[in-house]
1. Measuring from label point to label point, each 7 Å out along Cα→Cβ, what is the residue 226 to residue 148 span in nm?
2. Between residue 195 and residue 103, what FRET efficiency follows from the Cβ-Cβ distance if R0 is 35 Å, with the result rounded to 0.05?
3. Under the classification rounded if a/c is under 1.5, otherwise prolate if a/b is larger than b/c and oblate if not, where does region 106-158 fall, given a ≥ b ≥ c as square roots of the Cα gyration tensor eigenvalues?
4. Per residue Cα convex hull volume for region 32-235, in cubic angstrom?
5. Over region 32-235, calculate the relative contact order: mean separation of alpha carbon pairs under 8 Å at least 6 apart, over the residue count, as a percent.
6. Run the quick spin-label model on residue 61 and residue 237: label points 7 Å from Cα toward the beta carbon, then report their separation in nm to one decimal.
């Protein structure tokens, strides 16, 4: 039983007052089938629809648009397409890990991070549209592969799963540094999105590390970097 703080209307004169309402809160335990169906829904929303985001506003919303030459516009749009697909992969990884996580607290952390990654998806998609380009046609393929990798990481145990998050976010941080160096300084709208994404990725890595994430073996870290290169080079064009 919990107490909820609310504005309550007075029954006698209709004026607004402040009071408390007592209510019951229950936690639903989802079955494996429930989670599979929710994962399928998340996949469809991520790749083809509108994923659930948080309450945060687009960090570029208040910034002016800049005139870019055709070559610059195309280049920046393709970089943002890479970032969008990267967020598709991140979403899939988190969802796969949450599905197979062993501890409820680990699952909650992964699901919250996944929702924040949805903010990135929405921001990247908006910027791609503003630049007159399209999302990658390879997104369904990369989502499926990343989800499988995430589920496998979750099955390995929560420490390794959280360690996978730490390493993923570190590599994404480096990747965003590279893109910030390649985006024109005067393109404040694109840079604002990338900078906020970088702040979030650092935070996700810190949360996963504090929750007990283990350091991954060097061969796995190298394999992750090679897979990232395959994604970035293909998505830039497709």
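What follows draws every value from the coordinates through simple rules; no lab data is involved. The shown structure was predicted, so the numbers you read here are calculated from the model rather than taken from an experiment. Cβ coordinates were reconstructed from backbone atoms using ideal geometry, including for glycine residues, and neighbour counts include every protein chain displayed.
1. Placing both labels 7 Å beyond Cα along the Cβ direction yields 1.6 nm.
2. Between residue 195 and residue 103 the formula returns 0.60.
3. Oblate, because a/c is 1.5 or more while a/b does not exceed b/c.
4. Looking at region 32-235, the number lands at 109 Å³ per residue.
5. The value is 27 percent.
6. 3.8
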